[in-house]
Every structure is written in structure tokens, then in C-alpha cells.
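One structure is given below, encoded as C-alpha cells.
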Protein chains: 2
Amino acid sequence: MNSKEQILQRSIEAKEIFLPHLSADPVIFGFDKKELKVLLIKMNYRKLWLLPGGYVGKNEDLDEAVVRILKDRVGITTDVYLDEFGVFGKRNRSELYFEDFDDTLFHKQRFISIGYYALYNPSRFNLVPDELSESGEWIYMSQLSEIELAMDHREIIEKALLTLREKISIKPIGYNLLPEKFTLSELQKLYEAILGKELNRGNFYRKIKNLGILNKLEEQRRGGAHKSPDLYSFDEEKYAQALKNGLNAW
Amino acid sequence: MNSKEQILQRSIEAKEIFLPHLSADPVIFGFDKKELKVLLIKMNYRKLWLLPGGYVGKNEDLDEAVVRILKDRVGITTDVYLDEFGVFGKRNRSELYFEDFDDTLFHKQRFISIGYYALYNPSRFNLVPDELSESGEWIYMSQLSEIELAMDHREIIEKALLTLREKISIKPIGYNLLPEKFTLSELQKLYEAILGKELNRGNFYRKIKNLGILNKLEEQRRGGAHKSPDLYSFDEEKYAQALKNGLNAW
């Protein structure tokens, strides 16, 4: 079965199972101690990079749908909190991708897509692309300008990144990507990866300590070339409070 | 024509004009120098309070739809920036409201609703409810617990308010509700209305000045019982920069 036949077959099932006009696109950011990546797939059909999106079941809550879509398309079953960050509803945003097909194809109708994002540690799982896809990969955000993305998926990723940047100034997010005990330098690298810029070390250390969510431990990270840096962990109670009330409460 | 007949007639048109399964609900907050209000309508049918929501045209961008919906339902034509803040996609969230009708009614299908919010000065326009509605009113947020809201509209309003509270800690929003020249006390009232709590005056003045977006004018507000307070305006360049980059940049 070639890639077009695969899609035609899926279209028949899809009309039974899914709501028309609604899709969900998960933007999964990965962080590997240095750089931010995004999880993309390439379909057998057309060979363009895409977010691992999908449709919403007729009897499925939207929140359930996005979790199930991630499982179906790339085999992610880990429990992950996906946060809605935007809705992409322009006319003709999705129809062109399937222009080789006639208009009865489920996939070719107008779709308004709900964007969700999450932060992940890429080393934690294997990608298992579905049979419609030839590959699933973590692409460095710094390389995104060099690849061809389908539909408005570049815009969706950019909006997700902007949201992540906004959120990190009000909530302690992404900290699940750090080991339980970490150095301030490791925490700074996480912020720099998300913000996409280098931060002044002195300013960062002062600001992050002022948030009052860190505990300095009586241990140091050993083994580096430099003086062994202090290790920190999160004060769980204050961390939870900051997640709830925000970091810069008035 | 009674209220049920009105809806039946609308259903026939709606199937022609609108996408199935998709709705938009605008949460319009008003501020009248003291308290936060929210714009609600009461339909002739069922007499419950509702957000002035509607459906998305088959040939309409989603952003256009929500602006048109506000115009159709309450006569708001002022140029207003509506920000998407959440998607409400639980099964059965909307079907029950129209339980008196049979399942062929357009309005009775499953709808996933996109929430948008905006901040408004209620005195700037008259509400003109559509013919399906017996009234449109600004309801004080403090009185919301006393009224009966349809579907999950209470949850939608609460999520909008949480978003507004988050946003005000990172962006200078809502300032369009102030006069061009304002006192720090007036600005504090805006923050207090949005945050739903009293703020310490000294702390607030210090923090708001530290943002660096205010210009102190060589004028005072006259006519009050107290010492004439200083007037301020926004430094437009710095204000625009803060809107773009956030207030608490790392």
C-alpha cells in the first residue's frame, strides 16, 4: 500500500470515529542539558516535517484526545502534562497539504487546530512513529529555520515557544527536566535554552535565589574541572505555592 | 414566535452557515474605576445567564468569528483586542442546555468552545442584545456566585480571570481602562480589581515605579478632599517594549 492509499483508507475510518473540523497539535519541547528541541514527524506522504497532530474522537474529551494522539503518532505513553496555548483557525490553513486528494477526504476539510505544549526529557523514551510516518525526530530549535514545515506548523511552534517564555517568567516550569539535585549553572542553562539567549550569571543567581523556591544542600557536584559547585533542590512546598500563585505576585 | 420557535428557525440557517462542533465564547471584563464586571446575556429560552457566545462561519477565520459574534449578540462594534485563553472540550458540556429539542437541532450537537477575553470600559458603549436574548448586562464578579450560569460558563469565566491575573504580572494590560493621566491610586485600584485583593500601598507604588513604564507629570489631580495627588502617564515607548518583552524579563 503506498502512502496515498494509506491515507485514503484512514479517511474512511476517520469519518466514523472523529469529529469534523477539529484537530490537536502537540508541541513537545525537549531539553538535553544544553539546547531546546522540538518533536516532529515526517509522513510517508509528501515528506514534510509536521507536528505529531491528530483528530478528536466523537466520544473523547479534548484533553484525552491530545494524550491519545501523542501515543498513536509517536508512541509517547509517559504521563505528561500538556498545556493548551493557542488555537489556529485561519481559513485554508490545512486544506492545501492534501491537495492531491479529492474533497471527500476526511483530512482535506477545514481544520481548526488546538495547540498544546509540554516539556520533556528526550532521553526518557523511544519514539515509535505510526505507520503513516517514516520518521519521528527531535529537531534542535536552532535548526528549525533550515527545514521545511507543513501548513502553519512553524507558526504554531513559534507561538508555543513564546508561551513557554512568558510562562517561565511567572511560573517555575520545566524544572522536571533537571535532576533532583542540580547546580545553579544547570538551572541557568535551562532558562537560557528556553529564553534563547545568554543570561548574566550574577543577575541570574540573584534573581533565582530571590524567588525563594530553592534549598541549598550540604553537597557539591564533584568531578568537574572547576571548583565543585553547590547543589540545590527545590523546596517542594514553596515550589508548589509558586506554581499556584505565580513567582512575581503583587 | 416563542423562544423555542426562534431557536428552531435559527437552527436551519445555522446548518447552512456555520461549522459544526465549534463555538467561541467571549469573556468581556469591564472595569468602572472600582470593581470588575463581566458581560452576560440571558436568553429568552431558559432564562439562564450565558456568555455572549456563538458559532464559527464556514468561510470565516476564527479571529473574525469572535469579533462578529460580539457584534451580533450584544452590539459591540468597538475595536477590541480579544485574546484566546482556553479551550473547553469536555463531552456533554453543551448538549444538555438544549435538551428540550430533538437531536437534529444545530445547537444541541457537541460543541468545543474557544474562550477569548478582553478588558473594556463599560461606559463606552450601549449593549444591544440580539433577538434571542431578553437582556445583556454587566454583572459584578463579586455577585457571580449568586446567579445561575448555563453549561460550563462559570468555569470559562474563572479560567479567564485566572489568565488575566497571570497576564497582569507579566504585561501591562488593562491600562486602556485608565484615563490618559491617572494617579497611582487609580492604577492601584485597577490592579486590585483584577487581582481580587487589596494591595499594600507602599509596596505597590514601589513595584509599579520600578517597572519603568510611568512618567510622572508636572500636574496634580485637583478637587479631592485630600492633598492633590500627582498625575502620571505611560511612557509609550517603554510601555510598548514591556508589552512585547514582558515586565519581569530575565
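The values are calculated or read from the model by the stated rules, or taken from the named source; none is laboratory data. In this text, all values refer to a predicted model and were calculated from it rather than measured experimentally. Every residue, glycine among them, receives a Cβ derived from its backbone with ideal geometry; neighbour counts consider all protein chains shown. Please note that ligands, DNA and RNA were not included when accessible areas were found on the heavy atoms of the full protein model with its side chains. Shrake-Rupley method; radii C 1.70, N 1.55, O 1.52, S 1.80 Å.
Got a sec? Which residues of segment B:1-30 lose 20 Å² or more of accessible surface with every protein chain in place, vs. that chain alone, 1.4 Å probe?
Listed in order, they are B:LEU19, B:PRO20, B:HIS21, B:LEU22.
Sticking with the crude label model, points 7 Å out along Cα→Cβ, report the distance from B:LYS47 to B:LYS238 in nm, one decimal please.
Label-label distance for B:LYS47 and B:LYS238, simple model: 5.4 nm.
Please label the shape of segment A:65-162 as rounded, prolate or oblate, based on the square roots a ≥ b ≥ c of the eigenvalues of the alpha-carbon gyration tensor (a/c under 1.5 means rounded; beyond that, a/b larger than b/c means prolate, else oblate).
Here segment A:65-162 falls in the prolate category.
Using a label point 7 angstrom from Cα along Cα-to-C-beta, what distances in nm, from shortest up, separate B:TYR140 from the other copies?
5.8
If you count, for every residue in B:58-65, the Cβ atoms of partner chains within 10 Å of its Cβ, what is the mean?
Counting Cβ atoms of other protein chains within 10 Å of each residue's Cβ and averaging gives 4.
Work out how far the C-alpha atoms of segment A:175-245 reach from end to end along every principal axis, then list the three figures in whole Å, largest first.
If we take the Cα atoms of segment A:175-245, the spans are 39, 30, 21 Å.
At q = 0.10 Å⁻¹, what log₁₀ I(q)/I(0) does chain A have when each alpha carbon counts as one equal point scatterer in the Debye sum?
Normalising to I(0) and taking log10 leaves -0.56.
Using amide H atoms built 1.01 Å from N in the peptide plane, name the residues 5+ places from B:SER94, or on other chains, whose amide H lies under 5 Å from its own.
Here B:PHE111 satisfy the definition.
Once amide H atoms are placed 1.01 Å from N in the peptide plane, what residues at a sequence separation of 5 or more from B:GLU134, or on another chain, have their amide H within under 5 Å of its amide H?
Residues meeting the criterion, in which the H sits 1.01 Å from N, are B:LYS42, B:MET43, B:ASN44.
Ballpark to the nearest 100 Å², how much total accessible area do A and B bury together, probe 1.4 Å?
3200 Å²
Quote the relative contact order of chain A in percent (integer), defining contacts as alpha-carbon pairs under 8 Å separated by 6+ residues.
Dividing the mean separation by the residue count of chain A yields 21 percent.
Could you order the peptides A:183-192, B:125-134 from most to least packed, using the average number of other C-beta atoms within 10 Å per residue?
Averaged packing, sorted descending, gives the order A:183-192, B:125-134.
Treat each spin label as a single point 7 Å out from the Cα along the C-beta direction, and report the B:GLU137 to B:ARG201 distance in nm.
3.5 nm
Given the rule -39500 (n - 2.57) for each run of at least 4 DSSP H residues, summed and divided by the residues of chain A, what is its mean residue ellipticity at 222 nm, to the nearest 500 deg cm²/dmol?
Details: 6 runs with 76 residues, N = 250.
Roughly -9500 deg cm²/dmol at 222 nm, from the helical runs in chain A.
For segment A:3-168, what % of the accessible area comes from carbon and sulfur atoms, probe 1.4 Å?
Carbon plus sulfur share of accessible area: 47 percent.
Could you compute how fast the protein assembly as shown diffuses translationally, taking Rh as the Kirkwood radius over C-alpha pairs and applying Stokes-Einstein at 25 °C with viscosity 0.890 mPa s? Give it in µm² per second.
The estimated diffusion coefficient comes to 97 µm²/s.
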